[in-house]
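Enquirer: Before we start, here is the structure in question, set down as structure tokens.
Please treat every number below as a calculation from the coordinates, not as lab data. Keep in mind that this is a model prediction, so the values were computed, not measured. Note: ideal-geometry Cβ built from the backbone for every residue, glycine included; neighbour counts use all protein chains shown.
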């Protein structure tokens with residue numbers, strides 16, 4: 001089934017949030033520490049950085065999904081960096097696209113970024 005880029009981003013936001021929470025609960029059960037750890041890997045700046053990191057990992061089709069999402073008109077919060085918000089939307093759309101269309105590829109993506117996320121969480 002084909003969805004809009006915004007729908008992929010909406011789904012991807014939730015899917016990545018679950019992935020992030022699954023990673024952070026391995027570190028601590030303290031609610032404050034959990035929130036801080038999760039917030040460090042679920043934010044526009046980190047998503048933008050991840051998208052840059054995975055560039056060479058992506059197929060041409062995946063790059064196209066990210067490009068289309070990056071070019072969507074967005075309404076970022078006043079404090080948010082507009083560029084980071086666009087790249088974050090692109091990352092979320094990619095995750096949503098893979099979640100809906102190719103879970104094995106999503107698992108491969110998670111394996112690819114997993115060590116970076118773990119390193120960030122342990123800082």
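Enquirer: Residues of region 14-29 being in contact with a helix residue (DSSP H, G or I) (Cβ under 9 Å, 6 or more places away or on another chain) and assigned to a helix (DSSP H, G or I), which ones?
Expert: Filtering region 14-29 down to residues in contact with a helix residue (DSSP H, G or I) (Cβ under 9 Å, 6 or more places away or on another chain) leaves 14-17, 19-21, 23-28.
Across region 14-29, the qualifying residues are 14, 15, 16, 17, 19, 20, 21, 23, 24.
Enquirer: So which of 63, 36 ends up being out of contact with any helix residue (DSSP H, G or I) (no Cβ under 8 Å at 6 or more places or on another chain) and surrounded by 12 or more Cβ atoms within 10 Å (Cβ to Cβ)? If you could, list the steps in order and put the result at the bottom.
Expert: Values: 63 fails: out of contact with any helix residue (DSSP H, G or I) (no Cβ under 8 Å at 6 or more places or on another chain).
After ruling out the rest, the residue left standing is 36.
Enquirer: Let me ask something additional. Just one of 23, 70, 36, 105 is under 13 Å from residue 5 (Cα atoms) and over 12 Å from the mean Cα position of the chain (by Cα); which is it? First the steps, then the outcome.
Expert: Details: 23 fails: under 13 Å from residue 5 (Cα atoms); 36 fails: under 13 Å from residue 5 (Cα atoms); 105 fails: under 13 Å from residue 5 (Cα atoms).
Just a single option satisfies the conditions, and that option is 70.
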